[in-house]
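Since the structure comes first, as structure tokens, the remarks are kept for the end.
The values are calculated or read from the model by the stated rules, or taken from the named source; none is laboratory data. Please read all numbers here as calculations on a predicted model, not as lab measurements. All Cβ positions, even for glycine, are placed from backbone atoms using ideal geometry, and neighbour counts span all protein chains on display. Surface accessibility is based on the protein's heavy atoms, side chains included, excluding ligands, DNA and RNA. Shrake-Rupley method; radii C 1.70, N 1.55, O 1.52, S 1.80 Å.
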Amino acid sequence: MSVRRTHTLANEDAKAALENARKDRTQPVLIAGGGIGGLAAAVALARRKIASHVLERRADFHEEGAGIQIGPNGTRILRLLGVAEALRPYVAVPESIRVRDGTTGDELACLPLGGWIAARHGAPYWVAHRSDLHSALLRAARAEPLVALSLGFDVAEIATDGQVVAVTSTDGRAWTGKALIAADGVWSTVRSLQFDPRAPRFLGKSAARTVLAADAVPDTLRKMETNVWLFPGAHVVHYPVANGRELALVAIVNDTHDDKDWSAPIPANWVQQRVPPCTQSLHDLLENAQTWKRWTLHTLPVPRTWSRGPVALLGDAAHPVLPFLAQGGVLALEDAAVLADALYRFDTDMTGALAWYGRQRRDRAAHVAAASRQNGRIYHLSGPLAQARNLALRSISPQRLMARYDWLYGWRAD
Ligand SMILES: Cc1cc2nc3c(=O)[nH]c(=O)nc-3n(C[C@H](O)[C@H](O)[C@H](O)COP(=O)(O)OP(=O)(O)OC[C@H]3O[C@@H](n4cnc5c(N)ncnc54)[C@H](O)[C@@H]3O)c2cc1C
């Protein structure tokens, strides 16, 4: 593939670079951001024989330690991308989601996953170390001659004549492409330059995340399942990762500290002080976890417009959904699959392709975002409303509860 480097795009330079790029039919699709969404988009495009160039701000691809749940709608795409097999040795396959009242420890529901959900949706429910998912996507991208990767490229400026795009980094390097996909996360520079200058809104909650070795987990909690503990204004989730050798642990609690940093270290007692009094096993688990990082939760409404000419949004840059349904990363995978389909269908008409892509995705993403918000409200109820929730969870059959999410997990790219 040919990717052309230009100098910093001052007005005249920008015009010349765009002019040259317009004549060059081998121009790649530029992708700002090499996270889960950006890499998945690059691999999905390559599977459709479309060249791309991923521009990533970080100087290396080290991923922060945390877990990620990948529902069947995500694992189905990983299969399509040819990434599932490489990831399989690193995942765990939980048999169920066990939901408990965090204060009493009483079980409220045990929702089926494992073979039940795989048979229902034709793809498994996996839990993994985030870095294992990212590494599998990165290996697939690096193995693809149609994918170029530039590290240490912090997108700062964008110029477009409506047909091609030129992107410049903070240190003055520049590339051109036939389209630009903003996969640069919740604080997307591309979104703020081209779409919406508003900063995401702080939710007043933070997620404290850690990963423990399996032998630091109390025996009663060392099971092949996802666990959710509900408290007034807080909840704790944990599940095995790295094929059961480790456990990912997340506590989502009220917080007043608004921060852009998604991996600021916090002392262990920060978490212990904010999770309300709980049963001994969870207390021990929280106490055994020593190295925590904080991810402050931010959100923006899902936009109706996902593209402007040859520039489009993808993943958290388009829809920073809240993590109460474990779907943000999976939505980015879905976006990637639909984007590649759009560019394949529309061939040289980038503007048409990206407009179609946005129309395919916006209602779906808005639906998932709304369901995540609603889950968050339900998880964090207190008083009589929490009691009503607990009663409902106990009285509805687990299969019926899970069947309510058929619209979510049953989604298909075609
Ligand atoms: C506590 C928590 C738990 C979660 N659990 C789950 C879960 O179980 N399942 C799930 O599916 N999702 C989960 N999510 C959501 C998921 O992590 C995100 O939705 C997902 O990472 C989004 O991927 P992305 O590629 O869009 O963005 P990111 O992963 O944020 O990647 C963006 C990339 O762009 C780069 N970048 C930023 N700015 C620039 C720039 N100017 N120039 C170049 N590069 C740039 C960044 O360095 C980064 O590599 C969770 C989120 C939280 C907070």
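Figures for the structure shown
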read-out: Neighbour cut-off at most 13 other Cβ (10 Å), DSSP loop, trypsin sites (Lys or Arg not before Pro), region 301-368; value: Arg304
read-out: Binned Cα-Cα distance frequencies in the chain - 20 Å width, integer %; value: 27, 55, 16, 1
read-out: Euclidean distance of C-alpha centroids, region 96-155 and region 381-414, integer Å; value: 20 Å
read-out: Percent accessible area from carbon and sulfur atoms, the chain, protein chains only, probe 1.4 Å; value: 50 percent
read-out: Trypsin sites (Lys or Arg not before Pro) within region 59-99, DSSP loop, no more than 10 other Cβ atoms inside 10 Å; value: none
read-out: Kirkwood-based shape ratio for region 264-414, expressed as Rg/Rh from alpha carbons; value: 1.08
read-out: Rounded to 10°, Cα long-axis angle of helix 350-379 versus longest principal axis of the chain; value: 20 degrees
read-out: For region 129-254, the fraction of alpha-carbon pairs in successive 5 Å shells from zero, as %; value: 2, 8, 12, 13, 13, 13, 12, 11, 9, 5, 2, 0, 0
read-out: Probe 1.4 Å, protein heavy atoms only - accessible area per residue of the chain in square angstrom; value: 41 Å²
read-out: Estimated 222 nm signal from helices in the chain, with DSSP H stretches of n ≥ 4 weighted -39500 (n - 2.57), rounded to 500; value: -11000 deg cm²/dmol
